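Trainee: Sharing a structure with you now.
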Amino acid sequence: MSQPNQQTPSFGESHAATLLLRELLDLTEDFERALGDELAVNPTDLTAMQHLIVAGPLSPTALAERLELSSAAVTTVIDRLTALGHVHRTPNPGDRRGTLVVPEPASVGRAMGRIVPMVTAVDQAIHAFDEAEQAIITRYLSRVVEAYRGHATPTERPRSWRADAAPRPHAAGHPGAHAVDGGPSEAARRSTSEAARR
């Protein structure tokens, strides 16, 4: 029985800039795999850690919403991260019957030890160009983002490394919360790493 004629998409005739963007997506996946290896976690658990690093302590319900998992599934994720020493549960000061999942500083430090140098190097690259060139590059990348957005399924779900992953109200002011207006977490939020993938 003959097989349908399937053509593998080719980027060979694309502009060099388009090919570089494709390479960036591939490298983003490589970077996230390396980050997962650093923390010895699977992709789902890594995404959970990313949200906790950016947003600070989250309730299990809030984390489940961000990961789009059931309560039972997110409990399994939290249990795995707890067993690895990456997070701990603590009473929620805003809900006497609830808990918060708090990332351990040592694990945050290990993750940021990989993220910050990468983000810093990416940010420094733009400064090799003058202001007019920077404006052109920024305009081009803005159009690329809009092109991607036009072909993506709209979602209100917070992204782990995106600026829309702001802390939930119950996390604000909590002793274990991580700042998102400066320092490493701000850099992480601006990283294309999710940017590119999630």
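The values are calculated or read from the model by the stated rules, or taken from the named source; none is laboratory data. All values reported here derive from a predicted model rather than from experimental measurement. Cβ placement follows ideal geometry from the backbone for every residue including glycine, while neighbour counts extend to all protein chains displayed.
Trainee: So V101 passes all but one of these: (1) under 17 Å from the mean Cα position of the chain (by Cα); (2) assigned to a strand (DSSP E or B). Which condition number does it fail?
Mentor: Failing condition for V101: (1).
Trainee: Among V77, V119, which is the only one that is of a type in the set (A, V, I, L, M, F, W, C) and touching a Leu at 6+ places or on another chain (Cβ under 9 Å)?
Mentor: Details: V119 fails: touching a Leu at 6+ places or on another chain (Cβ under 9 Å).
Residue meeting the stated conditions: V77.
For (1) over 14 Å from the mean Cα position of the chain (by Cα); (2) acidic (D, E); (3) more than 21 Å from V116 (Cβ to Cβ), each residue gets a yes or a no:
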position	(1), (2), (3)
L39	yes, no, no
A48	no, no, no
H51	no, no, no
L58	yes, no, yes
L63	no, no, yes
R66	no, no, yes
A73	yes, no, yes
V77	yes, no, yes
R80	yes, no, yes
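Trainee: Search region 122-158 for residues being among the charged types (D, E, K, R) and surrounded by 11 or more Cβ atoms within 10 Å (Cβ to Cβ), and hand back the single one that is modelled with the highest pLDDT. Walk me through it before giving the result.
Mentor: Restricting attention to region 122-158, the residues satisfying the condition of being among the charged types (D, E, K, R) are 123, 130-131, 133, 139, 143, 146, 149, 156-157.
Right, trim to surrounded by 11 or more Cβ atoms within 10 Å (Cβ to Cβ) and you get 123, 133, 157.
Numbers: D123: 94, E133: 98, R157: 62.
Across region 122-158, the extreme among qualifying residues is E133.
Trainee: Being outside any helix (DSSP H, G or I) and either modelled with pLDDT under 95 or not polar (S, T, N, Q) (or both) is the filter here; which residues of region 19-78 pass it?
Mentor: Within region 19-78, the subset outside any helix (DSSP H, G or I) is 40-42, 56-59, 68-70.
Selection gives A40, V41, G56, P57, L58, E68, L69.
Trainee: Pairs only if they're at least six apart or on different chains, beta carbon under 6 angstrom, first in region 94-109 and without any contact (Cβ under 8 Å) to a residue 60 or more places away in the chain and surrounded by fewer than 20 Cβ atoms within 10 Å (Cβ to Cβ), second in a strand (DSSP E or B) and basic (K, R); list them, first residue then second.
Mentor: Partner pairs satisfying both residue conditions: T99/R89.
Trainee: Continuing with this model, one more query. Go through region 79-93 and give me each residue that's touching a residue at least 40 places away in the same chain (Cβ under 8 Å) and assigned to a loop (DSSP other than H, G, I, E, B). Quick ask: steps written out before the conclusion?
Mentor: Going through region 79-93, the residues touching a residue at least 40 places away in the same chain (Cβ under 8 Å) turn out to be 81, 84, 86, 90, 92-93.
Scanning region 79-93 gives L84, H86, P93.
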